[in-house]
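The values are calculated or read from the model by the stated rules, or taken from the named source; none is laboratory data. Since we're looking at a predicted model, the values are computed, not measured. Neighbour counts run over all protein chains shown; Cβ positions are idealised from the backbone, glycine included. These accessible areas exclude ligands, DNA and RNA; they are computed on the full protein's heavy atoms, side chains included. Shrake-Rupley method; radii C 1.70, N 1.55, O 1.52, S 1.80 Å.
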Amino acid sequence: MSTGIQLSKEAFTKHILQQPVLDTHTHLVGDRLAARDFWEVAHYFWLFREMQAAGYPANAMELPEDLRIPAFLEAYQATRNTLMNIAFTHVLKDLYGITLSDKASVLEADCAIKQSAQRADWAQEVANRMQARRFVVNIPEHAEFQGMEHNAILIPRIDGKLGAWVKEIEMSSDRAAAFAETRAKLGQLLDAYTEDGVKGIMTTLPSYNASANHKVVIGQDSTKDEILMMLLHEIGAAAEQRGLLVQLFLGVERSWCGTAVPVNDPARILKLSALFEAYACPFELVVASELNNLDIVQAAWNFPNVHVGGHWWFNFRASTYRDSMQYRLEALPAIKSSLIVSDARCMEWSYGKIIVIKRLVSEFLWHQIEAGWIDQTAAIQIAEDWLYRSAAKRYGIES
């Protein structure tokens, strides 16, 4: 659009809601993109966790429907303030025209979702409703999207291999030789990905005490964390050589108890900064821990090859989005930042979470316009970059 745009708040919001998006992290499966029944939508992990906090039983699916439905409705009404409930409500109202109020409305929703699951064009229709151009998956077998205009963008996750490699080296009687063998395996793996046209790789990382600025020669006295960090150096070097993106998903840890928890480690990004300095490959940082939102912005400000990604796990909250958008607006060109991570397991939940993100973006940018920090033209460009263009450029979809 040309300069001098003057839209009303309502028109501005509508414009943002119509912007294209790229969902940078999903668990969508290409041959079953749509939810198959009401409970597959209603028991999405994040909503289910909030419902449990309101008294919904953990074994709900074991209950007969006559008991499960009233228990669900009670917990649903008790969680109307939560962001996941709001997203879920958008799914039912926007896609199916249903407002939950009683048993009949639940059964109506179940029937409607079962019917839509039978439609070959339903997933594409939902994608069109939210203006989702592309989706990212991390498992090769999931990337062929049936009934869709485009297959998924594949960014293979290697955390399973990385964890196994660390363990193999740690358990080896000759760690130096095992490390050299692993370096060769890594090169072969990335060569195969490159030949398949893959643009990058993704890995989560556990907590680590080692730091990338302290390089060591792996030997029998090397710690597990040193092995991990030196493998990250190998990943950086190999990715740079092949022109691959490295996505790092950080902030969720499973070592403290039987469930995953967010951990705000103030040195988490600092310990990796020597990687960003040493290797010219693009890095995309996605965090699930609130306090690290500022750290990744600082890293992207310091290192031209570092980009900030969307909000993952425990970071999917309106408050963290608002703070994070403020950090990004003040410090980074919008083309260095993406906001969309749905973590969805069905197309309906990608819709619900993306609609919430777009509303938050619209509200945030409108406040910046009202305060006089940016004009509407700049605001629209920022939204376009945050929602779609930054990721599309990074993943090679658009120049």
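Exactly one residue among SER324, SER342, SER350 is assigned to a loop (DSSP other than H, G, I, E, B), crowded, with 22+ Cβ neighbours inside 10 Å and polar (S, T, N, Q), and that residue is SER342.
How many residues, within region 43-58, are assigned to a helix (DSSP H, G or I) and open to solvent by less than 20 Å² (accessible area, probe 1.4 Å)?
Number satisfying all stated conditions: 2.
Is it the case that MET1 is at pLDDT 95 or above and either open to solvent by less than 70 Å² (accessible area, probe 1.4 Å) or more than 28 Å from GLN118 (Cα to Cα) (or both)? The answer is no for MET1.
Selection of region 148-194 for residues being open to solvent by less than 50 Å² (accessible area, probe 1.4 Å), farther than 22 Å from VAL252 by Cα, in contact (Cβ under 8 Å) with a residue 24 or more places away in the chain and of a type outside the set (A, V, I, L, M, F, W, C) yields ARG175, THR182, GLY187, TYR193. For residues in region 243-279 being among the charged types (D, E, K, R) and surrounded by fewer than 16 Cβ atoms within 10 Å (Cβ to Cβ), which is farthest from the chain's Cα centre (by Cα)? Out of the qualifying residues, it is GLU277. In this structure, does PHE179 turn out to be more than 25 Å from PHE48 (Cα to Cα), in the same structural domain as ALA383 (by the TED database) and not in a helix (DSSP H, G or I)? For PHE179, the condition - more than 25 Å from PHE48 (Cα to Cα), in the same structural domain as ALA383 (by the TED database) and not in a helix (DSSP H, G or I) - is not met.
Scanning region 269-311 for residues that are touching a residue at least 60 places away in the same chain (Cβ under 8 Å) and in contact with a strand residue (DSSP E or B) (Cβ under 8 Å, 6 or more places away or on another chain) yields LEU272, LEU275, PRO282, GLU284, VAL286, HIS307, GLY309, GLY310. When restricted to residues that are within 15 Å of ASP94 (Cβ to Cβ) and either out of contact with any helix residue (DSSP H, G or I) (no Cβ under 9 Å at 6 or more places or on another chain) or surrounded by 23 or more Cβ atoms within 10 Å (Cβ to Cβ) (or both), region 359-377 contains 0.
Quick check on region 29-42. Is at least one of its residues assigned to a loop (DSSP other than H, G, I, E, B), in contact with a His (Cβ under 8 Å, 6 or more places away or on another chain) and at pLDDT 95 or above? Yes - at least one qualifying residue is present in region 29-42. Scanning region 97-120 for residues that are assigned to a helix (DSSP H, G or I) and either touching a His at 6+ places or on another chain (Cβ under 8 Å) or open to solvent by less than 60 Å² (accessible area, probe 1.4 Å) (or both) turns up SER105, VAL106, ALA109, ASP110, ALA112, ILE113, SER116, ALA117. Among the conditions (1) modelled with pLDDT of 95 or more; (2) open to solvent by 30 Å² or more (accessible area, probe 1.4 Å); (3) out of contact with any helix residue (DSSP H, G or I) (no Cβ under 6 Å at 6 or more places or on another chain), the only one that ILE380 does not satisfy is (2).
Among the criteria (1) surrounded by fewer than 19 Cβ atoms within 10 Å (Cβ to Cβ); (2) part of a helix (DSSP H, G or I), the one TYR388 does not fulfil is (1). Scanning region 59-96 for residues being open to solvent by 70 Å² or more (accessible area, probe 1.4 Å) and either touching a Cys at 6+ places or on another chain (Cβ under 7 Å) or in contact (Cβ under 8 Å) with a residue 12 or more places away in the chain (or both) gives a total of 2.
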